[in-house]
Amino acid sequence: MDARKRHDVSILFVGDVVGGIGRRTLLSLLPQLRERLEPDFVVVNGENAAGGLGITPRNADELFEAGIDVITLGNHTYRHREIYRYLDAHEPILRPANFLRSQPGHGWCVVARGGVRLGVISLSGNLYMNAGRPAFPEADAALHALKGEVDHVLVDMHAEATSEKVGMGWHLDGRVTAVVGTHTHIATADARVLPGGTAYITDVGMTGPRGGVIGVKRELALEAMITKMPIKFETSTEDPWLNGVLIRAGEPMRAVSIEQVLEPAPGVR
Ligand SMILES: [Fe+2]
Ligand SMILES: [Fe+2]
């Protein structure tokens, strides 16, 4: 008998991929991560994939061709106009569900593999963020819409405030498989399975240059901070790392574990 239960599933979630260096880091590490971690699904936040801000259809195609199952986005979603139609036309690329309904794209999708259906929901925080509608009722609405359609749900809570992210973790505890935070680009040390069975982390971190300032060349970021003058930012390529989490789940909507995946990519330029 197959020891693997019907809903046994593992999900690799990769934090904000920043620029070409982030894409190359992800693509170069992915084969060995697949071999070592054997994820059933790979979900990637791609909001910084295009030169550090936004994503283009080409970037998205490249990620899907590499076998990424779902791309989530965030506040930089609409940086490139070419992506607007793509967001409407392609199911597995998500902008935050609590953006205005009039904005291009959609906020959740379902992907299936080996008889397991994974729902993915993208949300944006409201504190210090520009989402048009509140995140908490939208999370409930998305779950209602997915009811009966999914075995597991992963939520990407793209937010600035740690309070809003942990609040969303508690709000959804026991109702989804995982709530992972993104946007601040710095991995936090609080990965855990909450008492109701939801895997949670406040920020997954970023996949990109750790030698910069959340992705930006550090000398440019520092100049802006020190001089208080406008500076044109460029993406750093120094010290690329992949930051992610691996979530293992058993019964529907119940995580068994969440572990951080923090991998340097020294050969990548
Ligand atoms: Fe980001
Ligand atoms: Fe962001």
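List of remarks:
- Bridge type composition, the chain - antiparallel percent by DSSP, nearest 5: 50 percent
- Kirkwood hydrodynamic radius of the chain, Cα pairs, Å: 18.3 Å
- Over region 211-262 - Rg/Rh using Cα atoms and the Kirkwood inverse-distance radius: 1.32
- Legend: Rg and Dmax of region 68-108, from Cα coordinates, 9.2, 27 Å.
- Max mean-square fluctuation residue, GNM over the chain, Cα-Cα springs under 10 Å, options GLY22, GLY181, GLY211: GLY211
- Two-decimal ratio, region 14-85, of alpha-carbon radius of gyration to 2.2 N^0.38 Å: 1.05
- Pairwise label distance in nanometres, LEU37 with GLU234, each label 7 Å out on the Cα-Cβ vector: 3.1 nm
- Note on region 161-214: percent of Cα-Cα distances in each 10 Å bin, starting at 0 and stopping at the bin with the largest distance, equals 28, 47, 20, 5.
- Distance (nanometres) between label positions extended 7 Å along Cα→Cβ at GLU259 and ARG113: 1.8 nm
- Centroid-to-centroid separation of region 224-244 and region 68-126 [C-alpha atoms, Å]: 26 Å
- Candidates per trypsin sites (Lys or Arg not before Pro) in region 163-248, loop by DSSP, up to 13 other Cβ within 10 Å: LYS228, LYS232
- Per-pair calculated FRET efficiency, R0 = 41 Å: ASP8 and ASP88 via Cβ, rounded to 0.05: 0.75
- Projected onto their three principal axes, the Cα atoms of region 78-169 cover extents of 40, 34, 18 Å, largest first.
- Under 15 Å, Cβ to Cβ, from ALA187 - net charge with Lys/Arg +1 and Asp/Glu -1: -4
- Restricting attention to the chain, lysine pairs at least eight places apart or on different chains and with alpha-carbon atoms under 26 angstrom apart total 4.
- Whole-number Å³ per residue for the convex hull built on Cα positions in region 180-241: 92 Å³
- Pairwise Cα distances in region 4-158 exceed 19 Å for 52 percent of all pairs.
- Extension gain, ARG81 to ALA145, is 20.2 nm, computed as 0.36 nm per intervening residue step minus the present C-alpha separation.
- Intensity falloff of region 151-269 expressed as log10 I(q)/I(0), Debye formula with alpha-carbon point scatterers, at q = 0.10, 0.19, 0.22, 0.23 Å⁻¹: -0.37, -0.93, -1.09, -1.15
- Calculated over region 101-142, the projected area of the Cα convex hull averaged across directions stands at 3.7 nm².
No lab work stands behind these numbers, since they all come straight from the coordinates. Since this is a predicted model, take the numbers as computed values, not measurements. For neighbour counting, all protein chains shown are included, and Cβ atoms are generated from backbone atoms with ideal geometry for every residue, glycine included.
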